[in-house]
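> Mind having a look at this structure? Questions to follow.
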Amino acid sequence: MSGETALLSSAPVMKAAAAGAAAGPIVDVGAFSVAVTSRIADVEAVWRQLEAAGVESPGQSYDFIRLWVRERAVPERDQLYLVGSVGSVPVALMALQRRTAFGVRVLTWFPGTHVGCHAPLVDRQRLAALGSEGRRAFWRALTAKIADADVVYLRAVPAESEGHDGTFDELGRAVAVDTLYRARFASWEECDRIQRSRSRRKHDRQQGERLSAMGEVAFAEMRNGDDVDQALSTMFRQRSARFKQMGIRDIFALNNFAGFYRAALRTDSHVDVRLHVLQLDGQIVATRYNIVHGERMFCLISSMSDDQAIQSGSPGKQCLLRVMQTVFDAGIRIFDMGAGFTDEKRHWCNEQTVLRQHYVALTWRGRLAVAAHERFQTTRAWIKADRRFISLRRSLGRILHRKSWQSGEVDPG
C-alpha cells in the first residue's frame, strides 16, 4: 500500500494543548499523516474499524462500495482511498472515484445520486476534539495528498452527524442544497403515537379499505437469496414508467445500474437488502428497496403501479405504512428516506438534516469549475422553485428520455 502511516493502532497520539472553548484545542499539524491507495482491499481493516460506530449512508459501507466497484467494473486507476490519522490513530477515510466532466478532472463519491447522502467516514469524537482550526488543518493535510485532479466534489454531505454539528464545516467550500429526511423511533407504538393524528389514521384506514375492496392484499419482506427476479423486474418497470411520466431519464436502467441492485440481493454480496413488496391478488403493486446497516435502514428505490384504478387505493402509501408497522419492532431505530420533500416524508419523518455540496479546488481549472457549478446549483434551485418552468423541464426531460432509448444508451435491466 502506498502511504505515509500505518493504518491500525490501538491508542491515540494527539499533540494538543488546552485553548479557548470557542477555538478548541491547538493541534500540532505534524501529528497528521495521510495514507493513499487505489486498492480498496488495502483500507478494509481501517474502514471496518471506523464503520463499526455506525454509518450515515450505504455509501460509507465497505461491503456496499466493494460491490459497487466490482459490479460497475471501476478501473483501479479511477479509485482513490485516503486515510487521515492523528498520531497513529485513523480519524477519517474518504473513498472517491475519478471522473472527467467537460475537461475537468473530478474526484467524487462512487454511487453519486444512488444514495441519499454521503460523507467521509470519521471518528466523530476525535474529529470534534480537534476544534475548528484543527479540523481545517486536518482536511487540508488530507486533500493535499491528492494528485492528478482539479477538484474534489462531495455532494449531499449532512451538516450534522449523530449529534455533532459542523463535523465537516472546514472541509473546503460548502453550499446548502437540500434536506435529508429520517424517521427515528424506538418502536412502532412510539412512531404511531407521535407521527399519526386521529385524522391521519382515519385517512390511512380509508385508503386501505379502498385497496382491499379491489382484491386480496398481501405484504412481504424479501431478503438476500430469495427469489426476487419478478419483484425486481416489476420494480424497475414501475420506476421507468414513473420517470417517463415525469420527463426524467431512467437512472436505474441507464448503463445497466439495475445490474448492481440485482447483485446486491445475492447471498454473497454481504450487503443486507430488504425488499418490501405489496401485492394485490398476487400482482405486485408497490415495492421499496432498502439497505440495512446495524439499526439503520436506508431506502434507495420505491415504486408503485401506474394503473389509475389501483392508484385510488394509494398502494405506495399502503406499502410504506406496512413497512413502518414492521421494521421498528424488528430492531430498526432509524429509517432514512433520502433527500427531497415528499408527502410520505412529511407524514413519517421526525428528523431533518441540511445537506451541502462541498468543493475542494486543487488547480485553477478546479476553481473555475467550482464557481460554475455553484452558479448552476443556484440556478437549478431557482428553476425548481418556479412553477413556470415545470412544464418546460418535463418536456425537455421526455425528449432526452426518448433519445436515450433510441440511441441505445439505456439498458432496461
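> Of all residues in region 213-231, which are free of Cβ contacts under 8 Å to residues at least 60 places away in the same chain, on the phi < 0 side of the Ramachandran plot and either in a helix (DSSP H, G or I) or not aliphatic (A, V, I, L, M) (or both)?
Scanning region 213-231 gives ARG223, ASN224, ASP226, ASP227, ASP229, GLN230, ALA231.
> In this structure, does GLN283 turn out to be more than 30 Å from GLN60 (Cβ to Cβ), open to solvent by 60 Å² or more (accessible area, probe 1.4 Å) and modelled with pLDDT under 95?
Numbers: more than 30 Å from GLN60 (Cβ to Cβ): yes; open to solvent by 60 Å² or more (accessible area, probe 1.4 Å): yes; modelled with pLDDT under 95: no.
The answer is no for GLN283.
> Another question, if that's okay. Name the one entry in ASP165, ASP250, ASP192 that is among the acidic types (Asp, Glu), open to solvent by less than 70 Å² (accessible area, probe 1.4 Å) and either closer than 24 Å to SER57 by Cα or touching a His at 6+ places or on another chain (Cβ under 6 Å) (or both).
ASP250
> Okay, moving on. Looking for something within 26 Å of ALA183 (Cβ to Cβ), under 23 Å from the mean Cα position of the chain (by Cα), surrounded by fewer than 24 Cβ atoms within 10 Å (Cβ to Cβ) and modelled with pLDDT under 95 - is there at least one such residue anywhere in region 120-127?
yes
> OK, next. If you scan region 81-94, which residues turn out to be open to solvent by 10 Å² or more (accessible area, probe 1.4 Å) and on the phi < 0 side of the Ramachandran plot?
Selection gives SER88 alone.
> Could you identify the single residue in ASP329, ASP281 that is out of contact with any Gly (no Cβ under 9 Å at 6 or more places or on another chain) and of a type in the set (Asp, Glu)? Steps first, please.
Details: ASP281 fails: out of contact with any Gly (no Cβ under 9 Å at 6 or more places or on another chain).
It is ASP329.
> Pick from TYR181, TYR153: which is open to solvent by 10 Å² or more (accessible area, probe 1.4 Å), among the aromatic types (Phe, Trp, Tyr), more than 23 Å from ILE334 (Cα to Cα) and in a strand (DSSP E or B)? Quick ask: steps written out before the conclusion?
On the way: TYR181 fails: more than 23 Å from ILE334 (Cα to Cα).
The match here is TYR153.
> Within the bounds of region 256-272, is there any residue that is more than 21 Å from the chain's Cα centre (by Cα), of a type in the set (Asp, Glu) and either in a strand (DSSP E or B) or surrounded by 19 or more Cβ atoms within 10 Å (Cβ to Cβ) (or both)? Please lay out each step first, then the result.
Looking only at region 256-272, we keep the residues that are more than 21 Å from the chain's Cα centre (by Cα), and these are 267-268.
With of a type in the set (Asp, Glu) added as a condition, the list becomes 268.
Among the residues that remain, those that are also either in a strand (DSSP E or B) or surrounded by 19 or more Cβ atoms within 10 Å (Cβ to Cβ) (or both) are: none.
Checked against the condition, which is being more than 21 Å from the chain's Cα centre (by Cα), of a type in the set (Asp, Glu) and either in a strand (DSSP E or B) or surrounded by 19 or more Cβ atoms within 10 Å (Cβ to Cβ) (or both), region 256-272 yields no hits at all.
> Out of VAL106, VAL74, I need the residue that is part of a loop (DSSP other than H, G, I, E, B) and either open to solvent by less than 40 Å² (accessible area, probe 1.4 Å) or over 13 Å from TYR153 (Cβ atoms) (or both). Which one?
Criteria check complete, one pass: VAL74.
> Just for region 315-369: of the residues that are of a type in the set (Ser, Thr, Tyr) and modelled with pLDDT of 95 or more, which one is farthest from the chain's Cα centre (by Cα)? So that I can check it myself, show each step before the final result.
As a first pass, look at region 315-369 and keep what is of a type in the set (Ser, Thr, Tyr): 326, 342, 353, 359, 363.
Among the residues that remain, those that are also modelled with pLDDT of 95 or more are: 326, 359, 363.
Numbers: THR326: 23, TYR359: 18, THR363: 28 Å.
Selected residue: THR363.
> So which residues in region 303-319 are free of Cβ contacts under 8 Å to residues at least 40 places away in the same chain and open to solvent by 40 Å² or more (accessible area, probe 1.4 Å)?
The initial filter retains those residues of region 303-319 that are free of Cβ contacts under 8 Å to residues at least 40 places away in the same chain, namely 307-308, 311, 316.
Residues satisfying the conditions are ASP307, GLN308, GLN311.
The values are calculated or read from the model by the stated rules, or taken from the named source; none is laboratory data. The structure presented is a predicted model; accordingly, all values stated were derived computationally and were not measured. Backbone-built Cβ (ideal geometry, glycine too); neighbour counts: all protein chains shown. Each accessible area value is taken on the protein alone, full model and side chains, heavy atoms only, with ligands, DNA and RNA left out. Shrake-Rupley method; radii C 1.70, N 1.55, O 1.52, S 1.80 Å.
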